[in-house]
Amino acid sequence: MLTVAVIGTLDTKGTEVAFLAEQIRGGGCDTLMIDTGIFESPAIEPDIARDTVARAAGERTESLAESGDRGRAVAAMTRGVEKIVPDLFEQGRIQAAIGIGGSAGTTIATAAMRALPMGVPKVMISTLAGGDVAAFVGSKDITMIPSIVDISGLNRISRQVIAQAAAAVVAMTQADVPASEDRPMIAASMFGNTTQCVEAARAILQSSGFEVLVFHATGTGGRTMESLVSSGFFTGVLDVTTTELADDLAGGVLSAGPTRLQAAARAGLPAVVAPGCLDMVNFWAPESIPEQYRKRQFYRHNPNVTLMRTTPEENRELGRRLAEKLNASTGPVAVYLPLRGISVISAPGQPFHWPEADEALFQAIKADLRPEIPVVELDASINDQQFADAVATGLLQLLGQPDNAGITR
């Protein structure tokens, strides 16, 4: 029988954890209960005791309790489950994980889930799930379910939420996932403003025998792509939407962090890179724009997203950063520059058309790249078919495929 790890602090959430486990067993899966609390819970017997979790972190629950330091206790139990849960999965003892808790319980349980491979069902019932959960989810496929009410005893709302979450993890664990073709995979980055380019390039690459996984360049998407590239999932990278670098530079809301654009370089994967959407920094609704930027040029992408045009000065720095990251590449890499626009709205006649800003970006890239990294300049916008053909065939060449492979027009 398939088994779900049930993670929770039995000293404070024992009733809820026991109910959750009961619902999972009623749905047809077995459970393995892991106690991440500090104090004893005599009413409930876990499968993996709190002492075992603490020892995995080099601690003792007695010492943690005596210290009175809640932060130390949470950190210790987090380290413990980070070691125990992936080991249980590798041993075949669990096939999924679910947790329930407040801020501490969410911190502990989601750390264990992030240590599991992509595709393993992961569900977290949390009091924090209605807010920004990026720190808990990271780049993994964790399903966050709002607890609605505080996790403080069973009531008509909490029973419903817990029962439905149990049903969800059972269904996910028992799902019969169709087998996919065993084709080499390529990672591609995309934004709404580069969709036409990436879709056209994807068609060429897939007709040449590759499977293309597209990641939305929203910060989380970039981090996920970098994580999977580092884990060895891909054969090559089509990174034509590097916009997250602009958010990292200017404090936008879709930054993927300072390590963006480094995984492929370190792994030595063949990569084609373009400065797609480096003309924009992302903010939410206009009231979210920092005061120092209020006089800048903006474009209302939709009611909840406002784009800020990058300046020539910012583009020089973005070009330098992009080149610096690519200079660390240990495998074949090429840069493609769309001289007539790096997004839909920077093309001629569009609101972000600013040739001087784009030229500052292009010149910085060319000036700072290693001489042996080729730069291909095309008199085209990034979404023109000509550019899509060029980046797709360029990547195929780096992958050792014949020229014009996949182009049937």
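Every number here is computed from the coordinates shown, using simple stated rules; none is lab data. These numbers were taken from a predicted model, which means no experiment stands behind them. Note: ideal-geometry Cβ built from the backbone for every residue, glycine included; neighbour counts use all protein chains shown.
Summary of values
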read-out: Rounded D (µm²/s) - region 1-145, Kirkwood Rh over Cα pairs, Stokes-Einstein at 10 °C, 1.306 mPa s; value: 107 µm²/s
read-out: [x] 19.7, 59; [y] 24.4, 73; [z] 23.3, 82, with the label sought being that of the calculated Rg and Dmax of the Cα atoms in Å; value: [y]
read-out: Highest average packing first - 147-159, 75-87, Cβ atoms within 10 Å; value: 75-87, 147-159
read-out: Euclidean distance between Cα centres, region 129-166 to region 280-329, Å; value: 34 Å
read-out: Where only alpha carbons of region 194-327 are counted, the Rg and the Dmax (Å); value: 15.4, 49
read-out: Most to least packed among 9-21, 98-110, 280-292, 133-145 [average Cβ atoms within 10 Å]; value: 98-110, 9-21, 133-145, 280-292
read-out: Shape category assigned to region 79-189 from the gyration tensor of Cα positions, a/c cut at 1.5; value: prolate
read-out: Karplus-derived HN-Hα couplings along region 324-339 (A = 6.51, B = -1.76, C = 1.60, θ = phi - 60°), whole Hz, x at Gly and Pro; value: 4, 5, 6, 4, 7, 5, 9, x, x, 9, 9, 10, 10, 10, x, 5
read-out: Max mean-square fluctuation residue, GNM over the chain, Cα-Cα springs under 10 Å, options Gln363, Gln91, Gln385; value: Gln91
read-out: Percent of C-alpha pairs per 10 Å bin, region 339-385, short to long; value: 26, 49, 22, 2
read-out: Label-to-label distance, nm, for residues given as Arg156 and Gln292 (7 Å Cα→Cβ offset); value: 5.3 nm
read-out: Cα gyration tensor shape of region 157-225, rounded if a/c is under 1.5, else prolate or oblate by comparing a/b with b/c; value: oblate
read-out: Those residues of region 268-285 whose amide nitrogen sits under 14 Å from the label point placed on Val253, 7 Å along Cα→Cβ; value: 281-285
read-out: 21 Å Cα-Cα reach of Lys122 towards lysines, excluding residues that sit fewer than 8 places from it in its own chain; value: Lys13, Lys83, Lys140
read-out: For the chain, size of Cβ-based charge dipole, Lys and Arg +1, Asp and Glu -1, in debye; value: 280 debye
read-out: Three-way shape label, region 124-179, alpha-carbon gyration tensor, a/c 1.5; value: oblate
read-out: All lysines inside 29 Å of Lys366 as judged from Cα atoms, apart from same-chain residues fewer than 8 positions distant; value: Lys325
read-out: Summed side-chain charge close to Gly119 - residues other than Gly119 whose Cβ falls under 12 Å, Lys, Arg +1, Asp, Glu -1; value: +1
